[in-house]
Amino acid sequence: MGDFITMPKLGMTMTEGKIVKWLACEGERIGKGDSIFEVETDKTSLEADALTGGVLLKIYRKEGETVPVNSPVAFVGEEGEMIPDVGNETVFQEENTAPGQQKQACDYDLIVVGAGPGGYVCALRAAQLGAKVAVVERDMPGGTCLNRGCIPTKAYYESARRWREVWDCAQFGIEIQDASFHWERVLERKNGIVDRLRIGIETLLRKNGIERINGNAVIRKADTVEVDGKTYRCRHIVLATGAKAAHAVATAEQLQTTDTVLDMGQLPDSIAIIGGGVIGCEMASILNAFGVRVTIIEALLRILPAMDEEVADCLLKEMRKNGIEVLTGTTCKSITKSGEGYRVVLEDGQEIMPEMVLEAVGRVPECAAFEGLGVELSPEGYVKTDEWMRTSIPTVYAIGDVNGRFQLAHAASAQGILAAEHMFADQKPAAMEMVIPACVFAELEIACAGITEQEAKEKGIPVKVSKFPYSANGKALAMGAGKGFVKVIADERWGEILGVHIIGEGASSLIGEAVMAMRCEATADAAGEAVHAHPTLSEALMEAFLGAGKGALHQ
């Protein structure tokens, strides 16, 4: 994809620059770092360098013109590539304005459509870099993550975990009698946490001068966003519209989805969860802890198909041990109402009669707001982006669930920061391969980063695999948490850490160290030789690193 050359910001107070002389011509191939035009500010004259290489396809601004900082002055790409008109002298002109008449100025440097963890973080970073920013949101700030996903489920998970500890406290010599839980208080606590964090986001947006526009966005042009009939002009747009719950079962019945199940006023006696992925496993574990009879129905041959097979098998054993029924390799043939519940008929002939049915078969991109824009989509309907999150329209970026790279809140935030810095930072960020961790909060916590052992084999990478059990870690035994293990996959040739997979107590916290080691390109030996405090769970990670290198001490 091509890239714009923009008027650089050469000083903290610089707001515009004058193009004195072009040092390159249209059609000429330029390299990254080549000087392409002379710019004059109120303080000095300097040569502006190209931040990307290619053919100088279009010069938008003439010598002698004064141009605001961050505004496009030229476009670099490859021969035959479509040259956008964004940035040319008519781009912000009203459609009915005759040539030579006054152009309409932009309302904003950036409009972000969607205030989820990708959108609001992108807006904050852009505002910090001096951009005038607005965020359009039709619902509440925080997106799916805060309102219907990560935060509500973790609030429930913590209540469920504490309730499990009540069951298990006898092993610590503690007896508790007549313990009970109150679902309405669990629900109230969850809502309180969500409300508090939502207020925090609104405060951050306000403190950073970001305008919040409430309503439904419609985007037909790369410089215009319509919200409930009102039009806003902008230089850049970020699509952060997220995803919505997918449906895999053709039925006339009203089933629970991840958008509705987290606000149920009372617990059902039993539930069938369609889908054994992250959402299905997390909800199964939460509801099972509170005494709901749970059945998971998974079409594939195992739960958590994207994760390490040994990790998934370990969780499956623990779920079944705790009474969760897991049916794999089968799908739902039909779902109908039956009395106070449902009659679920599976393809293999089994019948289940749950009080509630939850569809947890994943999510699909939410693209309704920009259907008329013309950005390129993948066959699955996700917005295609380059390494800086730009779409096929260079001034339009797409971050988070809508681009399909990772359906994870922290990945969306990282992409949002990358996009904002690519648009507005003086020094454009280098594209890099992000190490993105993923976590599952289930019967046992799971966390992973990098590739699995199976993926390494499929890629033909010679690997050394090391596994260290929690049952050999002193702190884990003291905590009564001896189930699980740490698994490290390293390149056998030079010790590079390719993947880390953890199942057990504190996995979601331990994975941060693994991500840092991988981000810094530490070898397994280097990561394992770092001194870890004793007694801590992190020693299990240390031992696994050493086992993938020169050899662990206690294996």
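Here are a few things to note about the model shown:
- When the test is whether a residue is among the hydroxyl-bearing types (Ser, Thr, Tyr), exposed (fewer than 15 other Cβ atoms within 10 Å of the Cβ) and not assigned by TED's automatic domain parsing to the domain that holds VAL67, THR295 does not pass it.
- Scanning the range 27-52 for residues that are within 12 Å of ILE5 (Cβ to Cβ), outside any strand (DSSP E or B) and in contact (Cβ under 8 Å) with a residue 24 or more places away in the chain returns ALA50, LEU51, THR52.
- Checking each residue in the range 179-230 for being assigned to a strand (DSSP E or B), surrounded by 13 or more Cβ atoms within 10 Å (Cβ to Cβ) and not small (Gly, Ala, Ser) picks out GLU211, ARG212, ILE213, ASN214, VAL218, ILE219, LYS221, THR224, VAL225, GLU226, VAL227.
- Taking first residues from the range 360-381 that are of a type outside the set (Gly, Ala, Ser) and partners that are modelled with pLDDT of 90 or more and assigned to a helix (DSSP H, G or I), the Cβ contacts under 6 Å between residues at least 6 apart in sequence or on separate chains come to PRO365/VAL402.
- The one condition in (1) buried (at least 19 other Cβ atoms within 10 Å of the Cβ); (2) touching a Lys or Arg at 6+ places or on another chain (Cβ under 9 Å); (3) closer than 23 Å to TRP183 by Cα that GLY323 fails to fulfil: (1)
- Leading residue by the ranking (surrounded by the fewest Cβ atoms within 10 Å (Cβ to Cβ)) among those in the range 445-461 that are closer than 19 Å to ILE511 by Cα and β-branched (Val, Ile, Thr): ILE451
- Some residue of the range 322-336 being part of a helix (DSSP H, G or I), of a type outside the set (Gly, Ala, Ser) and more than 26 Å from the chain's Cα centre (by Cα): no
- Pick from the range 434-461, criterion of a type in the set (D, E, K, R) and assigned to a loop (DSSP other than H, G, I, E, B), ranking: nearest to the chain's Cα centre (by Cα): GLU443
- Tally, over the range 265-299, of residues that are more than 17 Å from THR328 (Cα to Cα), β-branched (Val, Ile, Thr) and touching a helix residue (DSSP H, G or I) at 6+ places or on another chain (Cβ under 7 Å): 1
- Residue tally, condition surrounded by 15 or more Cβ atoms within 10 Å (Cβ to Cβ) and in a loop (DSSP other than H, G, I, E, B), over the range 462-475: 1
- Of the residues making up the range 476-519, just one is in a loop (DSSP other than H, G, I, E, B), touching a helix residue (DSSP H, G or I) at 6+ places or on another chain (Cβ under 9 Å) and farther than 30 Å from ARG162 by Cβ, namely GLY495.
- Residues of the range 232-269 that turn out to be surrounded by fewer than 17 Cβ atoms within 10 Å (Cβ to Cβ), of a type outside the set (A, V, I, L, M, F, W, C) and closer than 21 Å to THR336 by Cβ, as a count: 6
- In the range 29-44, of all residues being loosely packed, with under 13 Cβ neighbours inside 10 Å and within 16 Å of LEU56 (Cα to Cα), the one that is nearest to the chain's Cα centre (by Cα) corresponds to LYS32.
- Hey, GLY416 touching a residue at least 60 places away in the same chain (Cβ under 8 Å), of a type in the set (Gly, Ala, Ser) and closer than 30 Å to ILE502 by Cβ or not: yes
- Tally of residues being small (Gly, Ala, Ser), assigned to a loop (DSSP other than H, G, I, E, B) and buried (at least 17 other Cβ atoms within 10 Å of the Cβ) across the range 363-395: 1
- Residues that are within 13 Å of ASP386 (Cα to Cα) and either in a loop (DSSP other than H, G, I, E, B) or of a type outside the set (A, V, I, L, M, F, W, C) (or both) within the range 401-433 comprise ASN403, GLY404, ARG405, GLN415, HIS422, ALA430, ALA431, MET432, GLU433, listed in sequence order.
- The residue pairs whose first member lies in the range 514-526 and is under 16 Å from GLU539 (Cβ atoms), whose second member is in a helix (DSSP H, G or I) and of a type in the set (A, V, I, L, M), and whose beta carbons are closer than 7 Å, counting only pairs six or more residues apart or on different chains, are ALA514/LEU541; ALA517/ALA527.
The values are calculated or read from the model by the stated rules, or taken from the named source; none is laboratory data. Note that the structure is a prediction, hence the values are computed from the model and not measured. Every residue, glycine as well, gets a Cβ built from its backbone with ideal geometry; the counts of neighbours run over all protein chains shown.
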